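**Q** Just passing along the structure, written as C-alpha coordinates.
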Amino acid sequence: MQPMTNETPAPEANEETIAPLPRITLQAFCETPAVAATMQAAVADRRMDKTHARIQMGGPAAAVETFRTAPTPNVIVVETVSDPATLIAHLDMLSESCDPGTKVVVIGHVNDVQLYRDLLRRGISEYLIAPLGTLDLLRTLSELYITPEARNLGRVIAVVGAKGGVGSSTIAHNMSWAIARNLDASTVVVDLDIAWGTAGLNFNQDPPQGIAEAVFAPERLDANLLDRLLSRCSDNLALLAAPAVLDRTIDLDEDALEQLLELLRASVPCIVLDVPHQWSSWVKRTLISADEIVVVAEPELASLRNAKNIVDLSRATRPNDAVARLVLNKVGVPKRPEINASEFAKALGIDVLCTIPFDAQLFGTAANNGQMIAEVQAGSKASEAFTQIASALTGRGEAKRSRRSLFEPLVSKLKRRKAS
(Lines give C-alpha, C1' and ligand atoms only; values in the text may rest on other atoms or scores of the structure.)
Protein backbone atom coordinates (compact mmCIF):
# COMPACT_ATOMS: atom_id res chain seq x y z
CA MET A 1 0.00 0.00 0.00
CA GLN A 2 1.41 3.36 -1.03
CA PRO A 3 1.69 6.11 1.59
CA MET A 4 -1.25 8.49 1.51
CA THR A 5 -0.46 12.17 1.76
CA ASN A 6 -2.42 14.69 3.76
CA GLU A 7 -4.25 17.26 1.63
CA THR A 8 -4.63 19.65 4.57
CA PRO A 9 -2.21 22.57 4.11
CA ALA A 10 0.73 22.41 6.51
CA PRO A 11 2.21 25.44 8.22
CA GLU A 12 4.75 27.25 6.11
CA ALA A 13 8.16 25.63 6.23
CA ASN A 14 9.88 28.84 7.23
CA GLU A 15 7.09 30.02 9.53
CA GLU A 16 8.64 31.52 12.63
CA THR A 17 7.73 29.65 15.77
CA ILE A 18 5.96 31.94 18.25
CA ALA A 19 7.43 31.53 21.70
CA PRO A 20 5.18 31.35 24.77
CA LEU A 21 5.02 34.52 26.79
CA PRO A 22 6.62 34.56 30.25
CA ARG A 23 4.73 35.15 33.50
CA ILE A 24 3.67 38.74 32.97
CA THR A 25 0.65 40.97 33.55
CA LEU A 26 -1.15 42.56 30.62
CA GLN A 27 -4.05 44.97 30.33
CA ALA A 28 -5.76 45.86 27.07
CA PHE A 29 -7.99 48.85 26.42
CA CYS A 30 -9.98 48.37 23.22
CA GLU A 31 -12.36 50.64 21.32
CA THR A 32 -13.92 48.29 18.75
CA PRO A 33 -15.54 44.86 19.19
CA ALA A 34 -13.32 43.35 16.47
CA VAL A 35 -10.05 44.19 18.21
CA ALA A 36 -11.50 43.17 21.57
CA ALA A 37 -12.39 39.77 20.07
CA THR A 38 -8.87 39.38 18.70
CA MET A 39 -7.45 40.20 22.12
CA GLN A 40 -9.74 37.61 23.72
CA ALA A 41 -8.60 34.98 21.21
CA ALA A 42 -4.95 35.80 21.88
CA VAL A 43 -5.38 35.61 25.65
CA ALA A 44 -7.02 32.18 25.28
CA ASP A 45 -4.12 30.85 23.19
CA ARG A 46 -1.76 28.24 24.68
CA ARG A 47 1.19 30.62 24.36
CA MET A 48 -0.36 32.96 26.94
CA ASP A 49 -1.09 30.34 29.59
CA LYS A 50 1.26 32.02 32.05
CA THR A 51 0.07 35.55 31.32
CA HIS A 52 -2.39 37.27 33.65
CA ALA A 53 -4.46 39.41 31.29
CA ARG A 54 -7.43 41.73 31.54
CA ILE A 55 -9.35 43.19 28.61
CA GLN A 56 -11.67 46.19 28.81
CA MET A 57 -13.11 48.86 26.56
CA GLY A 58 -12.38 52.58 26.54
CA GLY A 59 -9.16 52.96 24.58
CA PRO A 60 -6.32 55.34 25.59
CA ALA A 61 -8.59 57.56 27.69
CA ALA A 62 -9.60 54.60 29.87
CA ALA A 63 -5.95 53.56 30.21
CA VAL A 64 -4.97 57.05 31.40
CA GLU A 65 -7.76 57.08 33.96
CA THR A 66 -7.07 53.54 35.19
CA PHE A 67 -3.39 54.11 35.91
CA ARG A 68 -3.67 57.50 37.60
CA THR A 69 -3.73 55.67 40.93
CA ALA A 70 -2.98 52.03 40.05
CA PRO A 71 0.40 50.46 39.21
CA THR A 72 0.89 49.65 35.56
CA PRO A 73 1.23 46.04 34.33
CA ASN A 74 4.16 44.66 32.35
CA VAL A 75 2.33 45.30 29.06
CA ILE A 76 -0.39 47.80 28.13
CA VAL A 77 -2.22 47.37 24.83
CA VAL A 78 -4.33 50.30 23.69
CA GLU A 79 -6.52 50.55 20.61
CA THR A 80 -7.24 53.99 19.19
CA VAL A 81 -9.74 55.28 16.66
CA SER A 82 -8.99 58.94 17.39
CA ASP A 83 -6.84 61.34 15.38
CA PRO A 84 -3.04 61.24 15.87
CA ALA A 85 -2.91 64.44 17.94
CA THR A 86 -5.45 63.11 20.45
CA LEU A 87 -3.64 59.78 20.65
CA ILE A 88 -0.28 61.47 21.30
CA ALA A 89 -1.85 63.60 24.04
CA HIS A 90 -3.29 60.52 25.75
CA LEU A 91 0.01 58.65 25.50
CA ASP A 92 1.91 61.60 26.98
CA MET A 93 -0.47 61.57 29.96
CA LEU A 94 -0.14 57.78 30.24
CA SER A 95 3.65 58.04 30.30
CA GLU A 96 3.42 60.09 33.48
CA SER A 97 1.86 57.10 35.26
CA CYS A 98 3.80 54.25 33.66
CA ASP A 99 6.18 52.30 35.86
CA PRO A 100 9.73 51.72 34.56
CA GLY A 101 9.82 48.69 32.30
CA THR A 102 6.18 48.82 31.24
CA LYS A 103 5.82 48.11 27.52
CA VAL A 104 3.06 49.79 25.50
CA VAL A 105 1.62 48.42 22.26
CA VAL A 106 -0.71 50.64 20.23
CA ILE A 107 -3.29 49.26 17.79
CA GLY A 108 -4.47 51.89 15.33
CA HIS A 109 -6.60 52.11 12.21
CA VAL A 110 -4.39 54.48 10.20
CA ASN A 111 -1.31 53.51 8.21
CA ASP A 112 0.71 56.63 8.98
CA VAL A 113 4.51 56.50 8.85
CA GLN A 114 4.92 59.82 10.63
CA LEU A 115 2.64 58.67 13.45
CA TYR A 116 4.66 55.47 13.73
CA ARG A 117 7.88 57.46 14.08
CA ASP A 118 6.34 59.75 16.69
CA LEU A 119 5.21 56.75 18.70
CA LEU A 120 8.65 55.12 18.59
CA ARG A 121 10.27 58.36 19.76
CA ARG A 122 7.95 58.29 22.78
CA GLY A 123 9.07 54.77 23.68
CA ILE A 124 6.10 52.83 22.34
CA SER A 125 7.13 49.21 21.80
CA GLU A 126 5.05 48.54 18.67
CA TYR A 127 2.32 50.02 16.50
CA LEU A 128 -0.08 47.56 14.83
CA ILE A 129 -2.70 48.37 12.23
CA ALA A 130 -6.19 46.90 12.53
CA PRO A 131 -7.67 44.63 11.39
CA LEU A 132 -5.09 42.14 12.59
CA GLY A 133 -5.05 38.40 13.11
CA THR A 134 -4.63 36.56 16.38
CA LEU A 135 -1.24 35.18 15.39
CA ASP A 136 -0.02 38.67 14.40
CA LEU A 137 -0.89 39.94 17.85
CA LEU A 138 0.63 36.91 19.57
CA ARG A 139 3.84 37.27 17.56
CA THR A 140 4.15 40.93 18.50
CA LEU A 141 3.59 40.27 22.21
CA SER A 142 6.00 37.35 22.18
CA GLU A 143 8.75 39.36 20.50
CA LEU A 144 8.64 41.90 23.31
CA TYR A 145 10.40 39.31 25.46
CA ILE A 146 12.68 37.55 22.97
CA THR A 147 16.30 38.56 22.54
CA PRO A 148 17.43 38.94 18.91
CA GLU A 149 19.71 35.89 19.10
CA ALA A 150 16.84 33.69 20.34
CA ARG A 151 14.33 34.50 17.61
CA ASN A 152 14.93 31.32 15.59
CA LEU A 153 13.27 28.97 18.04
CA GLY A 154 13.18 25.23 17.54
CA ARG A 155 9.93 23.47 16.61
CA VAL A 156 8.45 20.89 18.99
CA ILE A 157 6.70 17.86 17.48
CA ALA A 158 4.82 15.61 19.94
CA VAL A 159 4.13 12.04 18.79
CA VAL A 160 1.53 10.09 20.76
CA GLY A 161 -0.20 6.75 20.26
CA ALA A 162 -3.99 6.50 20.14
CA LYS A 163 -3.56 3.41 22.30
CA GLY A 164 -0.74 1.25 23.58
CA GLY A 165 1.14 -0.88 21.08
CA VAL A 166 0.33 1.08 17.92
CA GLY A 167 4.00 1.87 17.30
CA SER A 168 4.11 5.58 18.14
CA SER A 169 7.65 5.31 19.52
CA THR A 170 8.84 3.55 16.37
CA ILE A 171 7.22 6.29 14.28
CA ALA A 172 8.77 9.05 16.42
CA HIS A 173 12.27 7.57 16.26
CA ASN A 174 12.29 6.78 12.54
CA MET A 175 10.73 10.14 11.72
CA SER A 176 13.43 11.89 13.77
CA TRP A 177 16.13 9.90 11.96
CA ALA A 178 14.63 10.96 8.61
CA ILE A 179 14.50 14.62 9.65
CA ALA A 180 18.13 14.54 10.77
CA ARG A 181 19.61 12.44 7.95
CA ASN A 182 17.46 12.93 4.87
CA LEU A 183 16.37 16.52 5.50
CA ASP A 184 19.62 17.63 7.18
CA ALA A 185 17.85 19.29 10.12
CA SER A 186 19.41 19.04 13.56
CA THR A 187 17.08 17.05 15.81
CA VAL A 188 16.78 15.88 19.41
CA VAL A 189 14.57 12.94 20.37
CA VAL A 190 13.14 13.25 23.90
CA ASP A 191 11.87 9.93 25.30
CA LEU A 192 9.18 10.90 27.81
CA ASP A 193 8.27 7.30 28.63
CA ILE A 194 10.59 7.38 31.62
CA ALA A 195 9.75 3.92 32.97
CA TRP A 196 9.40 1.94 29.73
CA GLY A 197 11.03 4.05 27.01
CA THR A 198 12.60 2.32 24.01
CA ALA A 199 14.56 5.13 22.33
CA GLY A 200 17.83 3.88 23.81
CA LEU A 201 17.16 0.39 22.45
CA ASN A 202 16.00 1.57 19.03
CA PHE A 203 19.06 3.77 18.54
CA ASN A 204 21.41 1.18 20.10
CA GLN A 205 22.44 3.63 22.82
CA ASP A 206 22.95 3.05 26.53
CA PRO A 207 23.62 6.49 28.01
CA PRO A 208 24.21 6.60 31.79
CA GLN A 209 22.08 9.76 32.10
CA GLY A 210 19.07 11.18 30.30
CA ILE A 211 15.61 12.60 30.69
CA ALA A 212 15.17 11.62 34.35
CA GLU A 213 18.02 13.88 35.51
CA ALA A 214 16.37 16.78 33.69
CA VAL A 215 12.77 16.44 34.89
CA PHE A 216 13.27 15.24 38.46
CA ALA A 217 15.66 18.06 39.37
CA PRO A 218 14.63 21.01 37.16
CA GLU A 219 16.28 23.49 39.53
CA ARG A 220 19.69 22.08 38.46
CA LEU A 221 18.97 22.14 34.74
CA ASP A 222 20.90 24.54 32.54
CA ALA A 223 22.50 24.44 29.10
CA ASN A 224 25.68 22.78 30.39
CA LEU A 225 23.83 19.99 32.20
CA LEU A 226 21.58 19.43 29.20
CA ASP A 227 24.66 19.08 27.03
CA ARG A 228 25.95 16.31 29.31
CA LEU A 229 22.61 14.51 29.32
CA LEU A 230 22.33 14.28 25.53
CA SER A 231 23.61 11.20 23.74
CA ARG A 232 24.76 11.77 20.16
CA CYS A 233 23.49 9.27 17.58
CA SER A 234 24.88 11.11 14.53
CA ASP A 235 26.09 14.55 13.52
CA ASN A 236 22.52 15.81 13.27
CA LEU A 237 20.72 13.61 15.79
CA ALA A 238 20.91 13.48 19.58
CA LEU A 239 18.90 11.55 22.13
CA LEU A 240 17.59 12.36 25.58
CA ALA A 241 16.94 8.80 26.65
CA ALA A 242 14.69 7.34 29.31
CA PRO A 243 16.31 5.22 32.05
CA ALA A 244 13.61 2.54 31.62
CA VAL A 245 13.87 1.44 35.25
CA LEU A 246 11.26 1.26 37.99
CA ASP A 247 13.15 3.00 40.79
CA ARG A 248 10.49 5.71 41.12
CA THR A 249 6.97 6.54 40.00
CA ILE A 250 6.42 9.12 37.28
CA ASP A 251 4.23 11.74 38.94
CA LEU A 252 5.53 14.84 37.22
CA ASP A 253 4.36 18.37 37.82
CA GLU A 254 2.73 20.18 34.89
CA ASP A 255 5.69 22.56 34.73
CA ALA A 256 8.36 19.84 34.93
CA LEU A 257 9.21 19.93 31.23
CA GLU A 258 8.94 23.67 30.74
CA GLN A 259 12.57 24.59 31.37
CA LEU A 260 13.85 21.59 29.42
CA LEU A 261 11.86 22.51 26.32
CA GLU A 262 12.89 26.16 26.58
CA LEU A 263 16.56 25.15 26.57
CA LEU A 264 16.08 22.79 23.65
CA ARG A 265 14.08 25.33 21.63
CA ALA A 266 16.93 27.82 21.99
CA SER A 267 19.55 25.37 20.64
CA VAL A 268 17.96 22.86 18.26
CA PRO A 269 15.78 23.43 15.17
CA CYS A 270 13.64 20.31 15.71
CA ILE A 271 12.60 18.57 18.95
CA VAL A 272 10.60 15.33 18.70
CA LEU A 273 8.79 14.24 21.87
CA ASP A 274 8.05 10.54 22.23
CA VAL A 275 4.96 10.89 24.44
CA PRO A 276 3.86 7.82 26.44
CA HIS A 277 0.32 6.45 26.17
CA GLN A 278 -1.03 7.67 29.48
CA TRP A 279 -3.25 10.55 30.53
CA SER A 280 -2.07 12.92 33.22
CA SER A 281 -1.86 16.66 33.63
CA TRP A 282 1.72 16.83 32.37
CA VAL A 283 1.01 14.68 29.30
CA LYS A 284 -1.98 16.85 28.40
CA ARG A 285 0.01 20.04 28.83
CA THR A 286 2.90 18.64 26.79
CA LEU A 287 0.59 17.85 23.88
CA ILE A 288 -1.24 21.17 23.99
CA SER A 289 1.98 23.21 24.15
CA ALA A 290 3.68 21.44 21.21
CA ASP A 291 3.90 23.11 17.82
CA GLU A 292 2.73 19.92 16.09
CA ILE A 293 0.84 16.87 17.36
CA VAL A 294 1.13 13.55 15.53
CA VAL A 295 -1.40 10.88 16.50
CA VAL A 296 -0.40 7.31 15.59
CA ALA A 297 -3.25 4.80 15.27
CA GLU A 298 -4.05 1.37 13.89
CA PRO A 299 -7.06 0.96 11.57
CA GLU A 300 -9.39 -0.46 14.24
CA LEU A 301 -12.17 0.79 16.50
CA ALA A 302 -10.35 1.53 19.76
CA SER A 303 -7.73 3.56 17.91
CA LEU A 304 -10.47 5.42 16.07
CA ARG A 305 -12.26 6.39 19.27
CA ASN A 306 -9.10 7.49 21.08
CA ALA A 307 -7.64 9.30 18.08
CA LYS A 308 -10.88 11.25 17.70
CA ASN A 309 -10.66 12.30 21.34
CA ILE A 310 -7.11 13.61 20.84
CA VAL A 311 -8.00 15.42 17.61
CA ASP A 312 -11.06 17.00 19.23
CA LEU A 313 -8.91 18.13 22.16
CA SER A 314 -6.44 19.63 19.70
CA ARG A 315 -9.17 21.60 17.98
CA ALA A 316 -10.69 22.86 21.22
CA THR A 317 -7.47 23.89 22.97
CA ARG A 318 -5.31 25.00 20.02
CA PRO A 319 -7.55 27.11 17.74
CA ASN A 320 -4.59 29.04 16.32
CA ASP A 321 -2.48 25.96 15.52
CA ALA A 322 -2.62 23.22 12.92
CA VAL A 323 -4.96 20.40 13.93
CA ALA A 324 -3.33 17.17 15.06
CA ARG A 325 -1.90 15.01 12.24
CA LEU A 326 -2.90 11.36 11.78
CA VAL A 327 -0.58 8.48 10.88
CA LEU A 328 -2.09 5.03 10.35
CA ASN A 329 0.41 2.31 11.25
CA LYS A 330 0.39 -1.48 10.79
CA VAL A 331 -1.97 -1.31 7.86
CA GLY A 332 -2.66 -4.62 6.14
CA VAL A 333 -2.22 -7.15 8.96
CA PRO A 334 -3.14 -10.54 7.42
CA LYS A 335 -6.67 -11.75 8.18
CA ARG A 336 -7.42 -8.73 10.41
CA PRO A 337 -10.58 -6.77 9.57
CA GLU A 338 -9.61 -3.11 9.24
CA ILE A 339 -11.32 0.25 8.99
CA ASN A 340 -10.65 1.80 5.61
CA ALA A 341 -8.26 4.77 5.78
CA SER A 342 -10.75 7.12 4.12
CA GLU A 343 -13.49 6.13 6.58
CA PHE A 344 -11.07 6.53 9.49
CA ALA A 345 -10.13 10.00 8.30
CA LYS A 346 -13.75 10.97 7.69
CA ALA A 347 -14.69 10.07 11.27
CA LEU A 348 -11.94 12.34 12.60
CA GLY A 349 -12.57 15.16 10.16
CA ILE A 350 -8.95 15.23 8.96
CA ASP A 351 -6.94 13.58 6.22
CA VAL A 352 -4.46 10.80 6.86
CA LEU A 353 -0.95 12.22 6.78
CA CYS A 354 0.52 8.83 5.91
CA THR A 355 -0.20 5.10 6.07
CA ILE A 356 2.57 2.66 6.97
CA PRO A 357 2.18 -0.95 5.81
CA PHE A 358 2.48 -3.85 8.23
CA ASP A 359 5.84 -5.60 7.81
CA ALA A 360 6.67 -7.82 10.77
CA GLN A 361 9.98 -9.00 9.30
CA LEU A 362 11.33 -5.52 8.57
CA PHE A 363 10.22 -3.84 11.78
CA GLY A 364 11.21 -6.83 13.92
CA THR A 365 14.69 -6.95 12.43
CA ALA A 366 15.19 -3.22 12.97
CA ALA A 367 14.01 -3.39 16.58
CA ASN A 368 16.19 -6.39 17.45
CA ASN A 369 19.26 -4.85 15.81
CA GLY A 370 18.84 -1.38 17.31
CA GLN A 371 18.54 0.13 13.83
CA MET A 372 16.24 2.44 11.95
CA ILE A 373 14.06 1.07 9.15
CA ALA A 374 16.09 2.90 6.48
CA GLU A 375 19.27 1.29 7.79
CA VAL A 376 17.77 -2.16 7.35
CA GLN A 377 15.99 -1.56 4.02
CA ALA A 378 16.47 1.91 2.59
CA GLY A 379 14.11 1.49 -0.35
CA SER A 380 11.17 0.06 1.57
CA LYS A 381 7.74 1.67 1.54
CA ALA A 382 8.01 2.23 5.28
CA SER A 383 11.30 4.08 4.88
CA GLU A 384 9.78 6.29 2.19
CA ALA A 385 6.79 6.93 4.45
CA PHE A 386 9.01 8.20 7.28
CA THR A 387 10.74 10.63 4.95
CA GLN A 388 7.32 11.75 3.72
CA ILE A 389 6.13 12.37 7.30
CA ALA A 390 9.33 14.25 8.12
CA SER A 391 8.95 16.46 5.04
CA ALA A 392 5.31 17.25 5.82
CA LEU A 393 6.04 18.24 9.42
CA THR A 394 9.11 20.35 8.68
CA GLY A 395 8.18 21.70 5.25
CA ARG A 396 11.58 20.62 3.93
CA GLY A 397 12.46 18.63 0.85
CA GLU A 398 15.17 15.99 0.95
CA ALA A 399 18.52 17.66 1.42
CA LYS A 400 21.80 17.03 -0.34
CA ARG A 401 24.16 15.12 1.90
CA SER A 402 27.03 17.55 1.29
CA ARG A 403 25.45 20.18 3.51
CA ARG A 404 27.03 20.95 6.83
CA SER A 405 25.39 19.98 10.11
CA LEU A 406 23.19 22.68 11.62
CA PHE A 407 23.25 21.28 15.16
CA GLU A 408 25.75 23.93 16.10
CA PRO A 409 26.21 24.43 19.84
CA LEU A 410 25.19 21.05 21.20
CA VAL A 411 26.80 18.80 18.60
CA SER A 412 30.10 20.65 18.72
CA LYS A 413 30.22 20.20 22.48
CA LEU A 414 29.28 16.54 22.20
CA LYS A 415 32.05 15.97 19.65
CA ARG A 416 34.63 17.66 21.88
CA ARG A 417 33.48 15.60 24.84
CA LYS A 418 33.74 12.37 22.86
CA ALA A 419 37.21 13.23 21.66
CA SER A 420 38.47 14.06 25.14
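**Q** For region 156-264, which chymotrypsin sites (Phe, Trp or Tyr not before Pro) are in a loop by DSSP, counting at most 16 other Cβ atoms within 10 Å?
**A** For chymotrypsin sites (Phe, Trp or Tyr not before Pro) across region 156-264 that sit outside H, G, I, E and B with at most 16 neighbouring Cβ atoms in 10 Å, the list reads Trp196, Phe216.
**Q** Give me the distance in nm between label points sitting 7 Å out from Cα along the Cα-to-Cβ direction at Arg228 and Asp247, one decimal.
**A** 1.5 nm
**Q** Roll a 1.4 angstrom probe over the protein heavy atoms and tell me the percent of accessible area of the chain that is carbon or sulfur.
**A** 51 percent
**Q** Percent of Cα-Cα pairs more than 15 Å apart in region 275-380, please.
**A** 67 percent
**Q** Can you give the Rg to Rh ratio of region 249-300, both from alpha-carbon atoms, with Rh computed by the Kirkwood formula?
**A** 1.00
**Q** Antiparallel DSSP bridges in the chain: what percent, to the nearest 5?
**A** That works out to approximately 5 percent antiparallel.
**Q** What's the center-to-center distance, using Cα atoms, between region 315-367 and region 206-263 in Å?
**A** 29 Å
**Q** Find the Cα radius of gyration of region 181-228, compare it with 2.2 N^0.38 Å by division, and give the number to two decimals.
**A** Here the Cα radius of gyration is 1.29 times the empirical estimate.
**Q** Test of understanding: what is the full-extension gain from Lys284 to Glu219, defined as 0.36 nm times their sequence separation minus their Cα-Cα distance?
**A** Extra length from Lys284 to Glu219 when fully extended: 21.2 nm.
**Q** Only loop residues by DSSP count here, and only those with at most 11 other Cβ atoms within 10 Å; note down the trypsin sites (Lys or Arg not before Pro) in region 271-372 that meet that.
**A** When the trypsin sites (Lys or Arg not before Pro) of region 271-372 are filtered for loop state and at most 11 Cβ neighbours within 10 Å, Lys335 remain.
**Q** Percent relative contact order of region 61-165, based on C-alpha pairs within less than 8 angstrom and at least six residues apart?
**A** 23 percent
**Q** Can you compute the FRET efficiency between Asp136 and Thr32 using 1/(1 + (r/R0)^6), with r the Cβ-Cβ distance and R0 = 22 Å? Round to the nearest 0.05.
**A** 0.90
**Q** Compare Ala341, Ala324, Ala180 in a GNM of the chain, Cα atoms joined below 10 Å, and give the one with the largest fluctuation.
**A** Ala341
**Q** Summing -39500 (n - 2.57) over the DSSP H runs of n ≥ 4 in the chain and dividing by its residue number, what mean residue ellipticity at 222 nm do you reach, to the nearest 500 deg cm²/dmol?
**A** Here the helix-only value at 222 nm equals -11500 deg cm²/dmol.
**Q** Further, regarding this structure: Please tell me the relative contact order of the chain in percent, rounded to the nearest whole number, where contacts are Cα pairs under 8 Å and at least six residues apart.
**A** 20 percent
**Q** Where does region 50-205 land on Rg/Rh, using Cα atoms and the Kirkwood Rh?
**A** So for region 50-205, dividing Rg by the Kirkwood Rh gives 1.20.
**Q** Further, regarding this structure: Shape call for region 110-186 from the C-alpha gyration tensor, a ≥ b ≥ c root eigenvalues: rounded (a/c under 1.5), prolate (a/b greater than b/c) or oblate?
**A** Prolate, because a/c is 1.5 or more and a/b exceeds b/c.
**Q** Semi-axes of region 291-343's equivalent ellipsoid from the Cα gyration tensor, sqrt of 5 times each eigenvalue, largest first, rounded to whole Å?
**A** Semi-axes (√(5λ), whole Å): 25, 10, 7.
**Q** Principal axis extents for the chain, Cα atoms only, whole Å, descending order, please.
**A** 75, 55, 45
**Q** Right, something else. Please give the residues of region 163-200, grouped as numeric ranges, whose backbone N is less than 20 Å from a label point set 7 Å along the Cα-to-Cβ vector of Ser380.
**A** 165-183, 198-200
**Q** Could you tell me which of the pairs Lys335/Lys381; Lys50/Lys163; Lys103/Lys284 are separated by over 27 angstrom between their Cα atoms in the structure shown?
**A** Distance filter (> 27 Å) returns Lys50/Lys163; Lys103/Lys284.
The values are calculated or read from the model by the stated rules, or taken from the named source; none is laboratory data. Predicted model, so just to flag it, every value in this text is computed and none were measured. Positions of Cβ are backbone-derived with ideal geometry, glycine not excepted, and every protein chain shown enters the neighbour counts. Remember, those area values only see protein heavy atoms, side chains included, never the ligands or the DNA or RNA. Shrake-Rupley method; radii C 1.70, N 1.55, O 1.52, S 1.80 Å.
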